[in-house]
Amino acid sequence: MSPRRLFTSVAVHTALTIGAVLTVIPLLWMLSASLMPQGEATAFPPRLLPSRVTFEHYLDLFNRLRLGRSFLNSTIVAVFSTIFSLLFNTMAGYAFAKLRFRGRDRIFSLLVAALAIPAQVAMLPLFLLLKTMGLVNTYVGAMLPLMATIYGIFLIRQFMVSLPDDLIAAARIDGASEFRIYWSIVLPLARPVLATLAIFTFMSAWNDFIWPLIILTDDDKYTLPVAVANLVGEHALDLELMMASSVITILPVLLLFFFLQKQYIAGLMAGGVKG
Amino acid sequence: MSRSQFAPEARAAVVFVLPALTLITLFFILPVIGGFVLSLTDFDIYSVGNTANTRFVGAENYTQLSSNKVFWQALRNTLYFAFVGCPLTILIALAAALLLNAKVARFKALFRTIYFAPVVTTIVAVAVVWRYLYHPRVGLLNRALSVVGIEAIDWLGDPRWALPAVILMAVWKNFGYSAVIFLAALQNVPEDLYEAARVDGAGPIRQFWSVTLPSLAPTMIFVTIITAIGYVQLFAEVYVMTPDGGPLNSTLSIVMLMYREGFRWWNMGDAAAVAFALFAIVILMSVILMLTRKRWARA
């Protein structure tokens, strides 16, 4: 290695490492403080690691503050949003990609144009609508905006357009029904994009804040972000407890990302829309 | 081709698109139109009880908004957040992507994963963490600064610092997204372009300015506007870190104002007008994105 190359290598790796350290410090500190005995994270002189590891705050959150309930709510909302989103968006995305019907391209371009409308614009009337339907403070109300999305249809359609037409035509000649073609031929071929859509939907359902905050009015129904935002108001001084509640909220999505990184990044590139 | 040939296919298509289109129309498109109608009424807490108490007031909510100081402050804060936060995010993302793309760099996958991790985290939860990092007395940031002799700053309590503090957190949370997009674009720059530049005697810096940067321009415009559109929708960060608009409303954002007017005070007519101000900003940004994309596609 030439001296010049060695110097570049050292400089690049130093910069990369500094960036990585600054990026993980907030997350590592969250984890570390969540395991400290009460009051240790705010003591002087400051500690970076717990003097002894304790899970008391996690137990306290689950036993006394019933955060397990919110964890369950978040899971229900995220899982069912994902299932419905997979079903409805793939059906529509497939039809827009491969089936010929009148007005197809016009409807699709209208949908794409509507992609630019920020979700918040719909929220006030949507709340009033769901109120008259009796869906305020229900899981269904929390899930509705995620069950079928323009972005989801768009993502699926872009992928399915490139599937070979011959395959579908051949199945039709063999007498397969349209539903069978969708279910047994198209969906298996679309597995990579299904994974992407599933991860994106699950994560946005899990991380979403403003809509659950609006539509879920009872703490029995709160999802984790709403519950945590509420807790920080009441337990602002209890740093270790709040860090534990953040860990509980973040860990599932972070693990999901670590294991399904490839699909997630691929989707980011394909969609080119903020996840 | 006769029409009847398509008939079963067209029938199936209707069944396939119906569930999604019904949901989207009923729970998104109609509410958007309804939101505009709502913004032309005096819908308030009495209307929540009985909609008969609602009157049509024309553009009154909009004219009131235009003379409302709090609205202008929210607009200013939001644009400040977007126009300062966005370039910062993009610059750091670009630096990270260039480092990751360096030929000598090793452990690329590991670094990329680390840089991207904050992107997938829950905003509310990391906002809680940053709220404590910024704590004036026990926060890590002030403790670190005191080591180099900088006096404690009340980051989230001081109207001059509150919004910059939120921006710093947003940069931390979001730069990984743009970095990954930049990295993919960098890997797509044809090697011959660098080869040709080297033959012409261009050094690394010259190569960066005349090969790398022009090749990245379309991606740069894309991520800049996508990031800006995300930033003007600022809400959860300020809701958690600086409740109620922060000191002297210094972190009050457009969406926060909409939420406060609509769901805390039930002034839904006013809130809908605020929502359409956001709508106008986002549409404007999307149009710029589309126009620049078309231009690049033609070039």
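Structural remarks
- Take the Cβ atoms of residue B:70 and residue B:151, set R0 to 30 Å, and the FRET efficiency comes out at 0.40.
- Note on B:126-136: average number of Cβ atoms from other chains within 10 Å of each residue's Cβ is 6.
- In terms of its Cα atoms, region B:65-298 spans 66, 50, 26 Å along the principal axes, sorted from long to short.
- Residues of type lysines that residue B:173 reaches as a straight line, Cα spacing below 17 Å, ignoring anything fewer than 8 places off in the same chain: A:274
- Normalised by the number of residues in chain B, the average gap of Cα pairs under 8 Å and 6 or more apart makes the relative contact order 27 percent.
- Angle between chain A longest axis and helix A:67-98 axis [Cα atoms, degrees, rounded to 10]: 30 degrees
- Reachable aspartates and glutamates, given that their alpha-carbon falls under 18 Å from the alpha-carbon of residue B:69 and they are not under 8 places away in the same chain: B:60, B:244, B:261, B:270
- Where only alpha carbons of the protein assembly as shown are counted, the Rg and the Dmax (Å): 25.3, 83
- Calculated Rg and Dmax of region A:152-271 using C-alpha coordinates, Å: 20.6, 69
- Sorting B:125-134, B:163-172 by average packing, meaning the other beta carbons within 10 Å per residue, from highest down gives B:125-134, B:163-172.
- Electrostatic tally near residue B:39: other residues with Cβ closer than 11 Å to its Cβ, Lys and Arg +1, Asp and Glu -1, net -3.
- Among B:242, B:89, B:122: highest mean-square fluctuation, GNM of chain B, C-alpha pairs under 10 Å: B:122
- Gain on full extension, evaluated as 0.36 nm per residue between residue B:63 and residue B:244 minus their Cα-Cα distance, stands at 62.7 nm.
- Extension gain, residue B:45 back to residue B:191 (0.36 nm per residue minus Cα-Cα distance, nm): 46.2 nm
- Axial C-alpha extent at least 20 Å, average Kyte-Doolittle at least -1.0 - helices from chain B (DSSP): B:3-24, B:69-101, B:162-187, B:213-231, B:268-298
- Taking a straight line from the alpha carbon of residue B:103, these aspartates and glutamates sit under 15 Å away, with near neighbours fewer than eight places off in the same chain left out: B:191, B:195.
- For peptide A:249-256, the mean count of partner chain Cβ atoms within 10 Å of a residue's Cβ comes to 4.
- Formal net charge of residues neighbouring residue B:221 (Cβ-Cβ distance under 12 Å; K, R +1; D, E -1): +3
- Formal net charge of residues neighbouring residue A:104 (Cβ-Cβ distance under 12 Å; K, R +1; D, E -1): +3
- Extending 7 Å from the Cα toward the beta-carbon at both residue A:184 and residue A:170 defines two label points whose distance is 1.5 nm.
- Number of partner chain Cβ atoms within 10 Å, mean per residue of B:104-117: 5
- Axis angle, to the nearest 10 degrees, between helix A:261-271 and the longest C-alpha principal axis of chain A: 50 degrees.
- Taken about its Cα centre, the protein assembly as shown carries a charge dipole of about 1420 debye when Lys and Arg each add +1 at the Cβ and Asp and Glu each add -1 at the Cβ.
- Gyration tensor verdict on region A:57-271 (Cα atoms; rounded if a/c is under 1.5, prolate if a/b is larger than b/c, oblate otherwise): prolate
- Rounded to the nearest 10 degrees, the inclination of helix A:239-259 to the longest alpha-carbon principal axis of chain A is 40 degrees.
No lab work stands behind these numbers, since they all come straight from the coordinates. The structure presented is a predicted model; accordingly, all values stated were derived computationally and were not measured. Cβ: placed from backbone, ideal geometry, glycine included. Neighbour counts: every protein chain shown.
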